[in-house]
Amino acid sequence: MATDLAGSGGKILAGGFSQRLCRRLTECIAALVALEKIASPIVPYIAAWREHEKIIWYEYVGARFLALLGCERREVDEVFRQSIVDRRLYRYADRESKVEEDIVTRAELRGEQASLREEVKKAGAVECVYQLALPGGKKIWLKDQANIEVFVEDQICLSMGCLTEVTKEMEQKHLLEKIGYFDELTKLPKRTILQRIIEMNIGNLHRGHINDFVFLLLDLDYFKTVNDIHGHQAGDQVLVSLANVMRATKRHEDEIGRYGGEEFYGISVGGLKNGVQFAERLRLAVAKTDFIFNRERIPVTVSVGLVAASQLAGVEKISVEELVRVADRRLYVAKEEGRNRVVFRG
């Protein structure tokens, strides 16, 4: 078995390495060969590198990997390396509320090889996305997920994992960014997407897929005073911090976004009680948060106007315009009644 595998283009099985390393590699290759036989959509591979050397080589690549790259087995190391446009790492920040994108270009990868390998070696895993420009002009995206095993006696690291093509997903992400889906300051969805989200919920309501949903408008109290006293940079920082609080507070199924200026919106599937709980969680989270600018605490509260679709049962047709109108009216009442409160009737 080892002799057959050694002929596949790798270095380790024919290179006089330890029995432990060769045995482990043989087991893993056999497992990936079996995986490929069930026509899995993932693209398995085993890469290796020697400590203190720059070159990474492949001990095993599946047939689909070669098909994606459009090359022969002997060419895969070089073709993959030359095809890389950038490497993207996604991680949570701000108490797991915001996803950060770290982009490293091909040129930067060359200069950071040693540090990147030490990083994945320490973590014991790899999870990133590669953008590739293939010969002929085709562009694809591959998500890379792998475990790292270190063989100290051989000074060899193995990266055993799989690639998944995510071209459609990444192209959609770029399209949304291009058409202005996200607000530049807060990185929340903009008002332009609000109508589409509500229309989808109205459709699901009519088809019986959901029983009810709520829409809320949230407005910063005395925001003009913040700008007047602390300056517009402080005001911008407050808006960014508020967006982060909303991300950290909402559930996965809730939608939030920036309506405009100091107004934000929220949408949640469920009845009025669920909506009030959502709004109160947001209100209380904001009131308890320390908003800091230039080491100075800025007290911030919000007022919320909320409407459930079921509350519009008497109108001829539930619409985006009617939901916004009612929520805005209730937001005005919340301001008139003293601010820092949720109004859901009247």
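The values are calculated or read from the model by the stated rules, or taken from the named source; none is laboratory data. Because the structure is predicted, anything quoted here is derived from the model rather than measured. Reconstructed Cβ throughout: ideal geometry from the backbone, glycine too, with neighbour counts over all protein chains shown. Surface accessibility is based on the protein's heavy atoms, side chains included, excluding ligands, DNA and RNA. Shrake-Rupley method; radii C 1.70, N 1.55, O 1.52, S 1.80 Å.
Conditions tested, residue by residue: (1) farther than 21 Å from Leu185 by Cα; (2) free of Cβ contacts under 8 Å to residues at least 12 places away in the same chain; (3) acidic (Asp, Glu).
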| residue | (1), (2), (3) |
| --- | --- |
| Ala285 | no, no, no |
| Lys288 | yes, yes, no |
| Phe291 | no, no, no |
| Gly305 | yes, no, no |
| Leu312 | yes, no, no |
| Ile318 | yes, no, no |
| Glu336 | yes, yes, yes |
| Arg345 | yes, no, no |
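When you look at Lys168, is it of a type in the set (Lys, Arg), under 29 Å from Ile42 (Cβ atoms) and modelled with pLDDT under 95, yes or no? Don't jump to the end; show me each part of the working.
Values: of a type in the set (Lys, Arg): yes; under 29 Å from Ile42 (Cβ atoms): yes; modelled with pLDDT under 95: yes.
When the stated conditions are applied, Lys168 passes them.
Being open to solvent by 30 Å² or more (accessible area, probe 1.4 Å), over 16 Å from the mean Cα position of the chain (by Cα) and without any contact (Cβ under 8 Å) to a residue 40 or more places away in the chain is the filter here, so list the residues in the stretch 99-113 that pass it.
Result: Thr105, Arg106, Ala107, Glu108, Arg110, Gly111, Glu112.
Going through the stretch 98-124 one residue at a time, which ones are within 30 Å of Pro189 (Cβ to Cβ), among the hydrophobic types (A, V, I, L, M, F, W, C) and at pLDDT 80 or above?
Ile103, Val104, listed by residue number.
For the stretch 116-155, what are the residues that are open to solvent by less than 20 Å² (accessible area, probe 1.4 Å), more than 16 Å from Trp49 (Cα to Cα) and part of a strand (DSSP E or B)?
Cys128, Val129, Gln131, Leu132, Ile140, Trp141, Leu142, Asp144
Taking the condition of being part of a helix (DSSP H, G or I) and in contact with a Leu (Cβ under 6 Å, 6 or more places away or on another chain), how many residues in the stretch 247-276 meet it?
Within the stretch 247-276, residues that are part of a helix (DSSP H, G or I) and in contact with a Leu (Cβ under 6 Å, 6 or more places away or on another chain) number 2.
So, in the stretch 156-209, exactly how many residues are among the small types (Gly, Ala, Ser) and crowded, with 18+ Cβ neighbours inside 10 Å?
Result for the stretch 156-209: 2.
Which members of the stretch 210-231 meet the condition of being open to solvent by 40 Å² or more (accessible area, probe 1.4 Å) and of a type in the set (Phe, Trp, Tyr)?
Our first condition is that a residue be open to solvent by 40 Å² or more (accessible area, probe 1.4 Å); within the stretch 210-231, this holds for 211, 222, 224-225, 228-230.
Residue satisfying the conditions is Tyr222 alone.
Among Thr3, Thr26, which is at pLDDT 85 or above, open to solvent by 20 Å² or more (accessible area, probe 1.4 Å), among the β-branched types (Val, Ile, Thr) and out of contact with any Lys or Arg (no Cβ under 7 Å at 6 or more places or on another chain)?
Thr26
Within the group Tyr265, Tyr259, which residue is farther than 16 Å from Arg341 by Cα and buried (at least 19 other Cβ atoms within 10 Å of the Cβ)?
Answer to the selection: Tyr259.
What residue, among those in the stretch 277-301 that are open to solvent by 20 Å² or more (accessible area, probe 1.4 Å) and part of a strand (DSSP E or B), is farthest from Gln195 (Cα to Cα)?
Glu296
Filter the stretch 52-88 down to residues that are open to solvent by 30 Å² or more (accessible area, probe 1.4 Å) and in a strand (DSSP E or B) and give me whichever is modelled with the lowest pLDDT.
Looking at the filtered set, the residue picked out is Ile56.
Considering (1) among the charged types (D, E, K, R); (2) touching a Gly at 6+ places or on another chain (Cβ under 9 Å); (3) modelled with pLDDT under 90, say which one Glu177 fails and leave the rest.
(2)
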